[in-house]
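To keep things clear, I will list the structure first and then write my remarks on it.
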Amino acid sequence: MISPMWRAVPLVLFWFIYMGASGIFFPYYSLYLRENAELTGTQVGLVLSMLPFVGIIAEPFWGQVADRTGARSRILAFLSLGGSLGYLALGAARGFSAILLATVVLAAFTTAILSVTVSVTLAFLRGVGPYGFGLVRVWGTLGFLSLVMGFPWILQHFQKAHGMIRVVGGPSEPGLEVMFIVSAGLVFVAGLTALALPREGIAALRASRGEWRILFRNRAVVRFLIFALLAYFLAQGPMWLFPVYVRSRGGDLDTIRRMWVLMLAVEIPLVISSGAGLNRFGARGLLALGVLAGGLRWTLSGFVNDLYVIYLIQMLHGVMVAGLVLGAPLYLDTVVPERLRSTGQALLSMVGVGIGGIASNAGAGWLLEHLGPDAPYIFSGIGSLVLGSLVCWILPSTEGAATNKNCRPRGRWNG
């Protein structure tokens, strides 16, 4: 009989490989759009907004398909293989219109991947306790870190092989489009790995037709989604524009890489210990810490010009991720029925990453073009500090939060 530890290996591998691809795409995509594709600040904001915009439709759709069929692992494999094709299309796109269309194709597959992955992970870890999620999720961070560190080496060899050099007035990193080929390969392998993910037990529970409506009769869910909308609205734009921000301070691709390495080095132990934080502070406490850390990070970034000080400020990234990115799905998981787990996580991503991301990326792009690279960070930082101080007023405790008998809190992860 296969032990639970060995049964978790495909899950760990999927997190590692898929997030590895994100470690290429996420840190460098806005830099590619701004310098290599030569888009304006507003165009960059519009392209970045397509990811969450398409996610508004794609995420709840795929979440419902996963919950209605119970085939969450197979849906995850299909989305990953489609995402691989999306990356290849983006690499071949030239010009604003083509890049915009290719981003839409990519988003149609990839925006729902993490929410479905979270639902499969939480189902697999049911009964393990609060520590299990962090111990599995940290492999995603390790994969992200591996490619943040490794991709500049890949890019340098690609540039050397094709005789690419920097020229005055040209992009700081010629040949950066190779990022899409590497990302496509990694996501394809992740899709193959997803075929080995759990397909039985809680991971295979099916929801009834129209059952998703009970989520909107749950006050805890509704209030949480409003909070998530505000939190992600204040966080996403600055994250996507981070490479542009670093360049405005005189940094280059290597500076971006070193900052990400430092951020992730702090994030890893915090993700691993997120279970301990959950037991001590509760889900609401984790969310408050995450949003406040993000507020402090962005506010300081907007006023500081010294790169060495900026390095230190970015260490707050780990607290932000452990608090918000992990705290949010854990809070939500306590107030949704298990058979609607994928739909619930998809709603979180749709409202936060989707609707919040559209407004955040478009707004940050406008602020970048009209007020300069500091403006998105100052605006988001002050707003996050205010929101973080109101967490316990906005969100009810998960203990006794559900008002519908079908949405009672489960487990012992009470906030």
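Worth pointing out:
- Cα pair distances exceeding 15 angstrom across segment 141-197, given as percent: 59
- Estimated D of segment 341-382 in µm² per second, where Rh is the Kirkwood radius over Cα pairs and Stokes-Einstein applies at 4 °C, 1.567 mPa s: 115
- Segment 331-361-segment 59-89 distance, computed between alpha-carbon centres (Å): 16
- Stretch gain in nm, segment Cys392-Phe303, where the contour uses 0.36 nm per residue and the Cα spacing is subtracted: 29.2 nm
- What the Cα atoms of segment 4-407 give is an Rg and a Dmax of 20.0, 65 Å.
- Percentage relative contact order, segment 4-407, counting C-alpha pairs under 8 Å, at least six apart: 29
- Amide H contacts of Gly70 (H built 1.01 Å from N, under 5 Å, at least 5 apart or other chain): Ala207
- Peptides 231-244, 359-372, 249-262 ordered by average Cβ neighbours within 10 Å, highest first: 231-244, 359-372, 249-262
- Neighbourhood net charge (9 Å Cβ-Cβ; Lys/Arg +1, Asp/Glu -1) for His317: 0
- Simple spin-label estimate for Glu369 and Val261 gives 3.6 nm between the two label positions (7 Å along the Cα-to-Cβ direction from each Cα).
- Counting every C-alpha pair in segment 6-165, the share spaced more than 24 angstrom apart comes to 42%.
- Burial order of peptide ranges 88-100, 286-298 (average beta-carbon count within 10 Å, highest first): 286-298, 88-100
- Here Arg280 and Trp153 are evaluated by their C-beta separation; at R0 = 41 Å the FRET efficiency comes out at 0.55.
Every number in this text was worked out from the coordinates using simple rules, so none of it is lab data. None of these values were measured; they are calculated from a predicted model. Neighbour counts run over all protein chains shown; Cβ positions are idealised from the backbone, glycine included.
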